[in-house]
């Protein structure tokens, strides 16, 4: 199940927000050893102050968070344009109301064996399908992200390969790359078929506009 929380409404969902930031620290700081900012048990940065939307996957059996990502409009502060413009290559900045950025994609390492038959975690597929459902309801044309080549391969296995915006670059210990996906009903249905997901993944119907107003 996918739950969406508006960044400006964090105080209304303290448990969900706490679990998400703790998960991000476990993944990015403790497990991957990335050079990220932490505050106590949280991994949090200045983009979390830009009213993002948080997309969170929960286990239907335990109710525990098992993965999350962050969505930001490219018309405002975002990681690709403002922190990693080198990944754009010779392309101009991406600033469009119809393009949103996904970042901080993470899955709880403890559920790494909770996989569909094609070795793709159900939680990862749910996150991407949740973004797809919400984007289709909102008239969004593309989703972009900064990721590493390992996750790029995982996206391919999930049926959503996307397109590289430019060549990868080594940033710290990571071979990073910018990816763009064109939002389409066909892409959403392909991802659901690959992960054997039936029906909607959202806990309730939602567009980006209604999510940001919540």
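No value in this document is a laboratory result; all are computed from the given coordinates. Quantities reported herein were computed from a predicted structural model and do not represent experimental measurements. Quick reminder, even Gly has a Cβ in these numbers, built from the backbone with ideal geometry, and neighbours come from all protein chains shown.
Order 181-188, 154-161 from most to least packed using the mean count of other Cβ atoms within 10 Å.
Packing proxy ranking, top to bottom: 154-161, 181-188.
What share of Cα pairs, in percent, lie more than 27 angstrom apart in the chain?
Value for the chain: 25 percent of Cα pairs lie more than 27 Å apart.
On average, how much area does the Cα convex hull of the range 111-204 cover when viewed from any direction, in nm²?
6.6 nm²
Please give the length that would be gained between residue 209 and residue 136 if that part of the chain were fully extended, namely 0.36 nm times their separation in residues minus their C-alpha to C-alpha distance (nm, one decimal).
25.1 nm
Let me have the 222 nm mean residue ellipticity of the chain computed from DSSP H runs of 4+ only, each contributing -39500 (n - 2.57), with the sum over all residues rounded to the nearest 500.
One gets -7500 deg cm²/dmol as the mean residue ellipticity at 222 nm.
Between residue 1 and residue 184, what is the label-point separation in nm under the 7 Å Cα-to-beta-carbon projection?
So the label points at residue 184 and residue 1 sit 3.3 nm apart.
At a Förster distance of 35 Å, what's the computed FRET efficiency of residue 196 paired with residue 82, Cβ-Cβ distance as r, to 0.05?
0.40
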